[in-house]
Amino acid sequence: MFRIKKNDIVMVTSGKDKGKTGKVLRIGREASLALVEGVNLAKKHIRRSKENQQGGIIQTERPVSLSNIMLLCKNCNRPVRIGYQAAKDNTKTRFCRKCKQTI
């Protein structure tokens, strides 16, 4: 089970995009990768086709390893580690290890 989920706001902690933040678009569970909006951009050459009349070079996001990103806490406004705790109705909730607030 991964601590980061889709639509979480994360910060890159290492690599060429260190310090950038973005929303998680997709999680690659088998390879431990995450696709983060606006991070790890790569240029891709697109050929002209019926769908794409223009063609040319576009920038797309490439996956980032889960070990290189951390969840951004809304209260602390910094990257934090995550813990789990059981709520009163026996559901698991994530919480910030620094400020102890639920995420």
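Of the strands (runs of 3 or more DSSP E) that lie entirely inside the stretch 10-55, those containing 2 or more residues that are of a type outside the set (A, V, I, L, M) span 21-28, 41-46. Scanning the stretch 14-49 for residues that are of a type in the set (Val, Ile, Thr) and surrounded by 14 or more Cβ atoms within 10 Å (Cβ to Cβ) turns up THR21, VAL24, ILE27, VAL36, VAL39.
Quick one: in the stretch 56-75, of everything that is surrounded by fewer than 17 Cβ atoms within 10 Å (Cβ to Cβ) and assigned to a loop (DSSP other than H, G, I, E, B), which residue is farthest from the chain's Cα centre (by Cα)? The qualifying residue farthest from the chain's Cα centre (by Cα) is ASN75.
For every residue, the table says whether it meets (1) among the charged types (D, E, K, R); (2) touching a residue at least 40 places away in the same chain (Cβ under 8 Å).
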| position | (1), (2) |
| --- | --- |
| ALA34 | no, no |
| LEU41 | no, no |
| ILE46 | no, no |
| SER49 | no, no |
| ASN52 | no, no |
| GLU61 | yes, no |
| LEU71 | no, yes |
| VAL80 | no, no |
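Only the coordinates and a few stated rules stand behind these numbers; no lab work does. Since this is a predicted model, take the numbers as computed values, not measurements. Note that each Cβ is placed from the backbone with ideal geometry, even for glycine, and that neighbours are counted across all protein chains shown.
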